[in-house]
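Taken together, the values in this text are just the output of simple stated rules run on the coordinates, not laboratory data. Worth saying up front: this structure is predicted, and the values here are computed from it rather than measured. Every residue, glycine as well, gets a Cβ built from its backbone with ideal geometry; the counts of neighbours run over all protein chains shown.
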Amino acid sequence: EVQLVDSGGGLVQPGGSLRLSCAASGFTLSCCWMSWVRQAPGKGLEWVAAMKQDGTEEFYVDSVKGRFTIARDNAKNSLYLQMNSLRAEDTAVYYCTREMAYGDSFDYWGQGTLVTVSS
Amino acid sequence: DIQMTQSPSSLSASVGDRVTITCRASQSIRSYLNWYQQKPGKAPKLLIRAASTLQSGVPLRFSGSGSGTDFTLTISSLQPEDFATYYCQQSYTTPRTFGPGTKVDIK
């Protein structure tokens, strides 16, 4: 059974850092593009970042460029999101998602991890 | 960036009703359009991929159509478990973008 388990969220002050993790099971992470999608409280879905199967390409939404870094360790079947210089507007539930091939849908999602940026 | 719009933003319907949700892209995305269902406190669930392909395990009352810029999601006979928010999403290019959502609630 395919599973994605998100972790690492919490309360952080503005300007702080946090690292999210996504543990994959039931499939080999190296098969797929992987993305992070977030959802601010009471709001819609926003794609944040994506990384190619071998880690050689990565893409970001403009609002996080230069602050967030997506990474993966295929040997550990894990995806990460390093978030620096956090702002109040980054407060959201962050979901890890799988994209079987570039241009495909997000067919599996983690349960989400809540990041709250507040003083 | 490709902008996605949805209409209506919300609707009230009864069990057994036929429901149609529309999604429009700001430029052609061919058939790179996906639909998700989200219930409160849960992760989104993929319903339809590539505009019209039903994801495995999704009931046949769900269907999708369209190409280019205009797409629809249809629920042929609304069931109690279908009350949720529905999002379209383009996978044609990055940044991937979602529609604002359509909330379907009980009349």
Let's see if you can work this out: charge +1 on each Lys and Arg Cβ, -1 on each Asp and Glu Cβ, no other charges. What is the dipole magnitude of chain A about its Cα centre, in debye to the nearest 20? 340 debye
Links exceeding 26 Å between C-alpha atoms in this model, out of A:K52/B:K103; A:K52/B:K39; A:K65/B:K103; A:K76/B:K39; B:K42/B:K107, come to A:K52/B:K103; A:K52/B:K39; A:K65/B:K103; A:K76/B:K39
Considering all projection directions equally, how large on average is the shadow of the alpha-carbon convex hull of chain A, in square nanometres? 6.8 nm²
Using a 10 Å cut-off on Cβ to Cβ distances, tally the other chain neighbours for every residue of B:92-102 and report the average as a whole number. 5
Using a simple charge model, +1 on the beta-carbon of Lys and Arg, -1 on the beta-carbon of Asp and Glu, nothing else, what dipole does chain B show about its Cα centre, in debye to the nearest 20? 140 debye
At q = 0.10 Å⁻¹, what is the base-10 log of I(q)/I(0) for chain B according to the Debye formula with one equal point scatterer per Cα and no solvent? Please give it to two decimals. -0.24
Once you wrap a convex hull around the alpha carbon atoms of the protein assembly as shown, what is its projected area averaged over all directions, in nm²? 11.8 nm²
Hey, in the GNM for chain A with a 10 angstrom Cα cutoff, which one of A:A50, A:A101, A:A92 fluctuates hardest? A:A101
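Quick one: if the Förster radius is 41 Å, what FRET efficiency do A:A101 and B:I106 give, using the C-beta to C-beta distance and rounding to 0.05?
Here the calculated transfer efficiency is 0.60.
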Residue by residue through B:37-48, how many Cβ atoms from other chains fall within 10 Å of the Cβ on average? 4
Dipole axis of chain A (+1 Lys, Arg; -1 Asp, Glu on Cβ), positive-most option in A:M100, A:G16, A:G55: A:G16
Using only Cα atoms, locate the centre of the stretch B:1-62 and the centre of the stretch A:39-93, then give the distance between them in Å, rounded to an integer. 24 Å
Below 8 Å between Cα atoms, with a sequence gap of 6+, how large is the relative contact order for the stretch B:48-107 in percent? 21 percent
Can you tell me which of B:5-15, A:23-33 comes out highest on packing, and rank the rest after it, using the mean Cβ neighbours within 10 Å? A:23-33, B:5-15
Within the set A:S63, A:S35, A:S17, GNM on chain A using Cα springs under 10 Å gives the largest fluctuation to A:S63
